[in-house]
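In what follows, a single structure is set out as structure tokens and then discussed.
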Amino acid sequence: MKFSLHVQTRITDWQVIKYLEDLGYDAAWVPDTQMMWSDCYATMALAAANTSKIHIGTGVAIAGTRIAPTTAAAIASINAIAPGRIFLGIGTGHTAMRVMGQDPIPIAEFRDYLRVVRSMLEGKETAYTYRDKTTDIVWQNHGTGFRNIETPIPIYVAANGPRALRTAGTYGDGLVSIFNEQQDILEFNLKHVKEGGDKAGRDLSNYHTVTLTNAVILKAGEKLTDEAVIERAGSWVVVAMHFVYEIWRYTKNDEVVPQYMKGIWEEYVDHVENFPVPPEKRHQLIHEGHCSFYAPGERKFVTPEMIDGTSMVGSPSEIAEKIRIAEKQGLKEVSLLPPLQHIRSMAKDFAEQVIPLC
């Protein structure tokens, strides 16, 4: 099992990735969310230049905000700094697009986007369509040092629905999703990934699987209602709520609301409807604090049920046991996303108290 963190992309915090390397983490993921954080590739370049062992990648790059050749050029550039330590995590852009009031890139476009990126990273001449005009593109050779495509760059696709999962099997070297220790979700995801891989004739025997989650290590006597626990859990809890709400408000399908969320759901919907902005501007506030902190008005939604439903919770040995079970079911990497204020302390606690037990 590999262990990593998703690190909020603040360019002055690239030292956090060096800190994770010193703690022994395998990888750091740097998110691409343009309306909230610094540029992911600039931050990755600083981290890559100042580390020597830890793997670094986008967590995840957003297909809708950069054209495919630009993404290929950006990740190949970072690979010239830290060859063999760079990976490309990529997705359709749920939050990065929703925060602008826009939709994520459609799956059909995403599939073609991945085709172009993968082909370019393999050094091939590639058919590329831009504004309905298709041309063949190829890297220009200006000498060494501009990029590195000779050292392979794995592509890890963020996906949840069946079509996106099949796309992950067709073009990806791995899958990023929300698994935790729930066997049925992992089996569902890998079934569709395999369908995509089989159709493309790909060998997925070394396929990588990553869960994005948060680990709430309970100290002796701590309860889920304790303020210290809420502070460590809150940012990830409300991210899950925002994610589900965005799906629900487009589908109006109550079945997308998980059981652990139902107790606060109507109150949260009322909370959004009472935002102090017109309905057409609610996207400006829905994702406030995204992964960094929870907004003060959302503190009431960080309930024990929400904490337990969204995160790995328990003593170090209990969390380690959940990870061991998930590993037997096919999970290969656990990636944590602690709140910004507590990222160093929570990373240290997990490295010292949980990882040695796994």
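The values are calculated or read from the model by the stated rules, or taken from the named source; none is laboratory data. All figures in this text were calculated on a predicted structure; none of them were measured in a lab. Note that we place each Cβ from the backbone using ideal geometry, even for glycine, and neighbour counts take in every protein chain shown.
Quick one: count up the residues across the range 45-59 that are of a type in the set (A, V, I, L, M, F, W, C) and either within 15 Å of the chain's Cα centre (by Cα) or not in a helix (DSSP H, G or I) (or both). Number of matching residues: 2. The residue pairs whose first member lies in the range 38-53 and is touching a residue at least 24 places away in the same chain (Cβ under 8 Å), whose second member is among the acidic types (Asp, Glu), and whose beta carbons are closer than 6 Å, counting only pairs six or more residues apart or on different chains, are CYS40/ASP32; THR51/GLU21; LYS53/GLU21. In the range 246-260, the count of residues that are in a loop (DSSP other than H, G, I, E, B), modelled with pLDDT of 95 or more and crowded, with 17+ Cβ neighbours inside 10 Å is one or more. Name the single residue that is nearest to ILE230 (Cα to Cα) among those in the range 315-358 being part of a helix (DSSP H, G or I) and among the acidic types (Asp, Glu). Applying the filter and picking the extreme gives ASP349. Residues that are under 14 Å from the mean Cα position of the chain (by Cα) and either farther than 16 Å from ARG118 by Cα or charged (D, E, K, R) (or both) were ranked within the range 164-184; the one that is modelled with the highest pLDDT is VAL176.
Results for (1) in contact with a helix residue (DSSP H, G or I) (Cβ under 9 Å, 6 or more places away or on another chain); (2) touching a residue at least 24 places away in the same chain (Cβ under 8 Å); (3) surrounded by 16 or more Cβ atoms within 10 Å (Cβ to Cβ), shown as yes or no for each residue.
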| residue | (1), (2), (3) |
| --- | --- |
| TYR171 | yes, yes, yes |
| LEU175 | yes, yes, yes |
| LEU190 | yes, yes, yes |
| GLU195 | yes, yes, no |
| ASP203 | yes, no, no |
| THR209 | yes, yes, yes |
| THR213 | yes, yes, yes |
| ALA228 | no, no, no |
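Can you find a residue that is among the hydrophobic types (A, V, I, L, M, F, W, C), buried (at least 17 other Cβ atoms within 10 Å of the Cβ), more than 14 Å from VAL238 (Cβ to Cβ) and touching a residue at least 40 places away in the same chain (Cβ under 8 Å) anywhere in the range 332-340? Among the residues of the range 332-340, at least one is among the hydrophobic types (A, V, I, L, M, F, W, C), buried (at least 17 other Cβ atoms within 10 Å of the Cβ), more than 14 Å from VAL238 (Cβ to Cβ) and touching a residue at least 40 places away in the same chain (Cβ under 8 Å), which makes the answer yes.
With a requirement of 1 or more residues that are at pLDDT 95 or above and within 17 Å of ASP39 (Cβ to Cβ), the helices (runs of 4 or more DSSP H) lying completely within the range 60-122 that satisfy it span 68-81, 94-98. Scanning the range 29-84 for residues that are in contact with a strand residue (DSSP E or B) (Cβ under 8 Å, 6 or more places away or on another chain) and surrounded by fewer than 19 Cβ atoms within 10 Å (Cβ to Cβ) yields a total of 3.
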